Each structure stands twice: as C-alpha cells, then as structure tokens.
C-alpha cells in the first residue's frame, strides 16, 4: 500500500527505496569476489582508455605545437634581426598567445587577444614614460588599458589581455630613452606572425572534426545499447549508469560543435583549407542534430530509469527499437567518415521508429509512451543529420510502422 501511494504521488526515489528494501540483500562470498573482479577489470579498462585518449590528444595537437614553436622563433627573428630591437620578448609572447588561442577559438577571439596584447603594451609604454612605474602606477595602467580596450569595442578576451599586458609592462624596467614604442610594435609583429601561420599553415580542420565526432558517436551509441540492456534485464543500476553516460555525451557534443565552428571559419579564411568547406558543411549539419539527439537520448535514459523504478511493463520491442537507434548512430559515424553509411542510417532509424510505434498499439502505459516518444524524436534527429528536411524526416518516422509491416 505504501509503495502504491509512493508511485501514485510521483515520488520515484521513495518508491525505488521501498522496492529495493523488499528484495533479498544477501550476497555470497563468491558474488562479492566476482563483483570485486569486475570493478578491478573496469578500473583497468578505464585506465587504458585514458592513456590511449591522452596519446591520441598529443598526436592530434602535434602540428599546432610545432606551429606555435615556429611562430615564437620566427617572431623573435623578425623583431630582433630584421627590425633590430635588442630584447623583443613581446614578439614571441604575442605569437605564442595568438597561436595558442587558435587551437580552440574562432578568428574573432584570436584577433581580440592579439589586439589586447598590443593595446596593453602600448598603454603601459606611454604611461611608464610619463609617470614611471610602481604600485599605484600598476593600478592606473590596468584601469586605462581596460578602458582603452573597451573603447575599441573589445570583448572580455581583449579587455583581459590588455590588462595583463599592461601589468607586465609596468613590472619591467622602463625604457631609458623616453617614449619607446618598440615593445608594442614587437607585440603587433608577434601577433601578426601568429595569425599568418594559423591561416597560411592551418591544421587539418576536417581531421579535427572527425576526431571530435568519433568519441561522441561511440558514447551515444554505447548509452543507447546500455539503455536497451537495462530494459531487457530490468536492471535499475544499469539504467542509471546509462543515464550518466548519456549526460557525459553533452560535453562531447559541445566539443564537436566547437571543432566544427573553428573549422568552418578556418576553411573560409585559410586558402589551403578552402577545399575542405564541403566536407565541413556535412559535419556542421550533423553536429547540430547530434546535439539534439544527445538531449533526446538523455531523456530516453531517464525514462528507462523511471520505468524500472515504477516496475512498469516494457514490451520487448522497446529495447529492440533502442538497439536499432544505436545501430543508426554508428552508421552515421561511418557515413561522416567514409560516406558509405547513409542507407544503413535511414533503414535502422526507420526500424527503430517502426518497432516503437507498434508498441503503442498494445499498451497505454505512460512510461512506455515516454520511451516511444524519445525513440521517435531521436530517429528524426538522426535522419536530419543525414541532410533530410524536418518535414521529410517526420514523414519517414510517421510511416515507419507501415513500412515495417510491409516488410
């Protein structure tokens, strides 16, 4: 009676707690040992995966590291050997900042950083020549540098970089020959060289988009497979783990969005990468709808947890539909990478929507209705990631049950 009231009132946590207390809690020594071995194996697997991920990240960023090193050295050579400045340390600093920012930022942010360095150094040089340097001068330098950056219409990056550069100038020994703009010129030289290297020798923008897509595809498909396993085994713990996995996919979707945004802008401005614009457009279109799919899968996983907590009946066709979604996600990854998975994406998404829709004909269970709705929504997202218009994707999903019956 108490359990029924808890369910009726929507207190899922209480219902789950009451349900769990009604189950036998005895665990044999063999079971405990087996679970301990599973935990050790899982920890080892995650450690190996972490090492592989770190190695892959280092390899992926080898070219940007080389570019930054080259930019710093080239900026010093130009400022010291060509221009003739004695200690042009602001040149390699500005080059390093500009190239470091371009690893994960769009062009406007990079330009703001370069301008911020130059403005901060210029303000610091002018004020140092006029009033010297010291404690109260640092406060004044920072205030005026930030005001100048804001007056130029700069964003937070420009303002912050201007302030930090002004502090650096105010802390160093002032020029001995009055007003000396060599340091601000060095900063401008270094920033310009950094931007030039970024756009004339750009990183592989398609490769970066591909590397950002692969872990998202794996995590999203894995979360769907975990949901299907949990529903088939009626395992609440596994369902909760699937929900956590779906939540983790949010960060991967954001990383893909950033990689695609930077890649599109780089391909537009960098002559060597203009040929990549077509392929990047495919990734850009897919990235948005994959982000929507992640949200729907998260709601789907939460619905699975709810169904298991309430001990609602979930027909076998529901986990079957979820598995088809996982297959569609993996096929989408192949389509983006090699261009040979579009038909499989469409077929698997149609089967998923069809199995889910047929379930509604035999049940009015609210939990099942939620699961079916999320399966259908995710199928639409995956079809749209292929390039289908919204109305066409919805029409395919609506007709899915009929197509399955005809097969």
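The values are calculated or read from the model by the stated rules, or taken from the named source; none is laboratory data. Note that the coordinates shown come from a computational prediction; the quantities given were computed from them, not determined experimentally. Glycine also receives a Cβ, built like all others from the backbone with ideal geometry; neighbour counts cover every protein chain displayed.
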*Any residue in region 105-115 that is in a loop (DSSP other than H, G, I, E, B) and either at pLDDT 75 or above or in contact with a strand residue (DSSP E or B) (Cβ under 6 Å, 6 or more places away or on another chain) (or both)?*
no
*From the set of residues in region 47-94 that are surrounded by 13 or more Cβ atoms within 10 Å (Cβ to Cβ) and at pLDDT below 80, which is farthest from residue 182 (Cα to Cα)?*
56
*asked:* Residue pairs, Cβ under 8 Å, 6 or more apart or interchain, first in region 366-393 and surrounded by fewer than 16 Cβ atoms within 10 Å (Cβ to Cβ), second in a helix (DSSP H, G or I) and modelled with pLDDT of 90 or more. List them.
replied: 390/380; 390/384; 392/383
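Could you tell me whether residue 194 is buried (at least 21 other Cβ atoms within 10 Å of the Cβ), in the same structural domain as residue 97 (by TED's automatic domain parsing) and either modelled with pLDDT of 80 or more or not in a helix (DSSP H, G or I) (or both)?
Numbers: buried (at least 21 other Cβ atoms within 10 Å of the Cβ): yes; in the same structural domain as residue 97 (by TED's automatic domain parsing): yes; either modelled with pLDDT of 80 or more or not in a helix (DSSP H, G or I) (or both): yes.
Yes; evaluated as a whole, the condition is true for this residue.
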_Residues (buried (at least 24 other Cβ atoms within 10 Å of the Cβ) and touching a residue at least 60 places away in the same chain (Cβ under 8 Å)) located in region 310-321_ = 318
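State yes or no: is residue 349 surrounded by 16 or more Cβ atoms within 10 Å (Cβ to Cβ), part of a helix (DSSP H, G or I) and modelled with pLDDT of 85 or more? Steps first, please.
Working: surrounded by 16 or more Cβ atoms within 10 Å (Cβ to Cβ): yes; part of a helix (DSSP H, G or I): yes; modelled with pLDDT of 85 or more: yes.
So residue 349 passes the test.
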*Filter region 153-187 for residues that are surrounded by fewer than 14 Cβ atoms within 10 Å (Cβ to Cβ) and in a loop (DSSP other than H, G, I, E, B); which is modelled with the highest pLDDT?*
153
